[in-house]
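Trainee: Okay, handing you the structure first.
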Amino acid sequence: MNITRNPVVFVLSAVMLVWFLGSTVVRAESPAIDIPGLKMVSESDMNGHKVLRYEHSSMEEWGYPVPQDDCFYVVPPLKTMAKPPLCVVLHSAGGSGNEALPSICNPHDRGLYGDDTYCVLCLDCAKNKNDWWWGMEEIERNPTLYRALLCPTEKRVLSTVEWAIRTFDIDRNRVYLNGISMGGSGSLGIGVNHGDVFAAVSVVVPAGVKHIEFRTKEQKIPDPPPLFDISSHVDGWSLGQENLLKAFEENQYPIAFAWGTFGHVADVHAAHPAVYEFPWLSIRKNETYPVFTHASTDQHYPGHKNETAPDQQGQINGYFRWKNIEDSEKRLVMELRLVKKEELKRPADIPGESVADITPRRLQQFVVRAGVEYSWFIKNGDQVLQSGHASADAKGLLTVPAARISVTPVRLEITSER
């Protein structure tokens, strides 16, 4: 059983909150979503999909040095349903808010933007290039201020997402963030820091990691959204990806990562299909997810511009798939397996087994307390394949060591006697 937590209500005025790990993290909060001058200026049709264009001015609370006008696009669901999911898209530096519309409105393959039940929000920053999704230009002008507060770009994105959630009656447990190049960098900096908003984040050839490094430096993020990162080590913009991978492993943050020699905007479809085709839009904010670390099937990321290392293409954590079965106060049960070849559109060699440490995060009901010992089991039906005891660390994270996972589903069961 999964119980939905109460959604966090945003505030458009900048206020600093304190996270429960003792570190300071920025938040935006306000029930108001009165974006000044907001109006729908056009409605068009693209391959049977309705495309709505909105224009607006900026809120004083966003903190822009000079007021500006902006726009965004909304593609409502083609198939109506109660509480549809929302995919939020941040475009590249060379594009604009309509950049992804041809793919979103493609009747055959919408790729990373969900199926016809999704509402898609495409934000635009092309008109005001000082407001690019990187967010770092304004942050670097006053890093002390923006250590405690959201910068204008971050406030505008989160405010517009909140507006879309309320306007289109979105399922708050299924809000996703997607970005390419500059939009990928912005998605890292904004999305990973807001697991209270986004269920998962996907980035393709993100153009830099300064934003996310600034937002996560000396801060421990409680239950960030799972990140799906496709990069290329031969791309000049990939500088710092090795640091991101190290930070995610050390802090037990969730990531599936793929790389190759395709460069910045070339054939990113060549990235490992186990990551590129990962069903990231099926992840829900009100469900536990497992973090995999030290997996035996991980390849070794070469590092920036290293074209001589053995693994010139590869993946980290791409093979794993999971399903939640039970999340109660004293018992957590998850099904774990490796992806099957027939699930992927492109061919890939799938290992017979992977051994990895597993740390459950985004727990809904199961209670984990630092220093308390828990029993864990890996089962196939009634057969116990592995078992042991583990204690939660000082951060309240409980890790099951060296779990053996294959294409045959097994159950991870963790129990508490208290």
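Trainee: Out of everything in the range 160-209 that is polar (S, T, N, Q) and buried (at least 24 other Cβ atoms within 10 Å of the Cβ), what residue ends up being farthest from the chain's Cα centre (by Cα)?
Mentor: In this case the residue turns out to be Ser181.
Trainee: Take the residues in the range 381-400 that are under 30 Å from the mean Cα position of the chain (by Cα) and surrounded by 15 or more Cβ atoms within 10 Å (Cβ to Cβ), then tell me which one is modelled with the lowest pLDDT.
Mentor: Among those that are under 30 Å from the mean Cα position of the chain (by Cα) and surrounded by 15 or more Cβ atoms within 10 Å (Cβ to Cβ), it is Gly396.
Trainee: Quickly run through the range 43-65 and pick out the residues that are under 21 Å from Ala100 (Cα atoms), surrounded by 11 or more Cβ atoms within 10 Å (Cβ to Cβ) and small (Gly, Ala, Ser).
Mentor: Ser44, the sole residue that qualifies.
Trainee: Test Val275 against the stated conditions and say whether it is in contact with a Gly (Cβ under 6 Å, 6 or more places away or on another chain), crowded, with 22+ Cβ neighbours inside 10 Å and either basic (Lys, Arg) or touching a residue at least 12 places away in the same chain (Cβ under 8 Å) (or both). Explain how you work it out, then say what you get.
Mentor: Numbers: in contact with a Gly (Cβ under 6 Å, 6 or more places away or on another chain): yes; crowded, with 22+ Cβ neighbours inside 10 Å: yes; either basic (Lys, Arg) or touching a residue at least 12 places away in the same chain (Cβ under 8 Å) (or both): yes.
Spelling it out, Val275 is indeed in contact with a Gly (Cβ under 6 Å, 6 or more places away or on another chain), crowded, with 22+ Cβ neighbours inside 10 Å and either basic (Lys, Arg) or touching a residue at least 12 places away in the same chain (Cβ under 8 Å) (or both).
Trainee: I've got another one for you. Out of curiosity, is Glu55 outside any loop (DSSP other than H, G, I, E, B) and out of contact with any Phe, Trp or Tyr (no Cβ under 8 Å at 6 or more places or on another chain)? It would help to see each step written out before you state the result.
Mentor: Details: outside any loop (DSSP other than H, G, I, E, B): yes; out of contact with any Phe, Trp or Tyr (no Cβ under 8 Å at 6 or more places or on another chain): yes.
In short, yes.
Trainee: Name the single residue that is nearest to Arg174 (Cα to Cα) among those in the range 77-133 being among the small types (Gly, Ala, Ser) and in contact with a strand residue (DSSP E or B) (Cβ under 6 Å, 6 or more places away or on another chain).
Mentor: Out of the qualifying residues, it is Gly114.
Trainee: Being part of a helix (DSSP H, G or I) and surrounded by fewer than 23 Cβ atoms within 10 Å (Cβ to Cβ), is that true of even one residue in the range 229-240?
Mentor: Yes, because at least one residue in the range 229-240 is part of a helix (DSSP H, G or I) and surrounded by fewer than 23 Cβ atoms within 10 Å (Cβ to Cβ).
Trainee: Okay, moving on. Only helices (runs of 4 or more DSSP H) wholly contained in the range 106-183 count here; list those with 1 or more residues that are modelled with pLDDT of 95 or more. Write out each step before concluding.
Mentor: On the way: elements: 136-141, 143-148, 152-167.
The helices (runs of 4 or more DSSP H) meeting that bar are 152-167.
Trainee: Is the range 285-297 home to any residue that is under 23 Å from the mean Cα position of the chain (by Cα), at pLDDT 95 or above and within 24 Å of Val234 (Cα to Cα)?
Mentor: Within the range 285-297, one or more residues are under 23 Å from the mean Cα position of the chain (by Cα), at pLDDT 95 or above and within 24 Å of Val234 (Cα to Cα).
Trainee: Does the range 68-88 include one or more residues that are at pLDDT 95 or above and under 20 Å from Val205 (Cα atoms)?
Mentor: Yes, the conditions are met somewhere in the range 68-88.
Trainee: If you don't mind, there's one more thing I want to ask. Please go through the range 196-221 and pick out each residue that is farther than 23 Å from Pro143 by Cβ and assigned to a loop (DSSP other than H, G, I, E, B).
Mentor: Once the filter is applied, which keeps residues that are farther than 23 Å from Pro143 by Cβ and assigned to a loop (DSSP other than H, G, I, E, B), the range 196-221 yields Asp196, Val197, Phe198, Ala199, Val205.
Trainee: Considering only residues of the range 74-122 that are hydroxyl-bearing (Ser, Thr, Tyr) and in contact (Cβ under 8 Å) with a residue 40 or more places away in the chain, which is surrounded by the fewest Cβ atoms within 10 Å (Cβ to Cβ)? Spell out how you get there, then give the answer.
Mentor: Of the residues in the range 74-122, the ones hydroxyl-bearing (Ser, Thr, Tyr) are 80, 92, 96, 103, 113, 117-118.
Still in the running and in contact (Cβ under 8 Å) with a residue 40 or more places away in the chain: 92, 113, 117-118.
On the way: Ser92: 22, Tyr113: 22, Thr117: 13, Tyr118: 24.
My answer is Thr117.
Trainee: Another question about this same structure. Is there a residue in the range 248-264 that is part of a helix (DSSP H, G or I), free of Cβ contacts under 8 Å to residues at least 60 places away in the same chain and of a type in the set (D, E, K, R)?
Mentor: Yes, the range 248-264 contains at least one residue that is part of a helix (DSSP H, G or I), free of Cβ contacts under 8 Å to residues at least 60 places away in the same chain and of a type in the set (D, E, K, R).
A quick yes/no check of all residues on (1) touching a residue at least 12 places away in the same chain (Cβ under 8 Å); (2) surrounded by 14 or more Cβ atoms within 10 Å (Cβ to Cβ); (3) at positive phi; (4) in contact with a strand residue (DSSP E or B) (Cβ under 8 Å, 6 or more places away or on another chain):
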residue: Leu338; (1), (2), (3), (4): yes, yes, no, yes
residue: Leu344; (1), (2), (3), (4): yes, yes, no, no
residue: Asp349; (1), (2), (3), (4): no, no, no, no
residue: Pro360; (1), (2), (3), (4): yes, yes, no, yes
residue: Leu363; (1), (2), (3), (4): yes, yes, no, yes
residue: Arg369; (1), (2), (3), (4): yes, no, no, yes
residue: Ser406; (1), (2), (3), (4): yes, yes, no, yes
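The values are calculated or read from the model by the stated rules, or taken from the named source; none is laboratory data. What you see is a predicted model, and the numbers here were worked out from it, not measured in a lab. Virtual Cβ from ideal backbone geometry, glycine too; neighbours counted across all protein chains shown.
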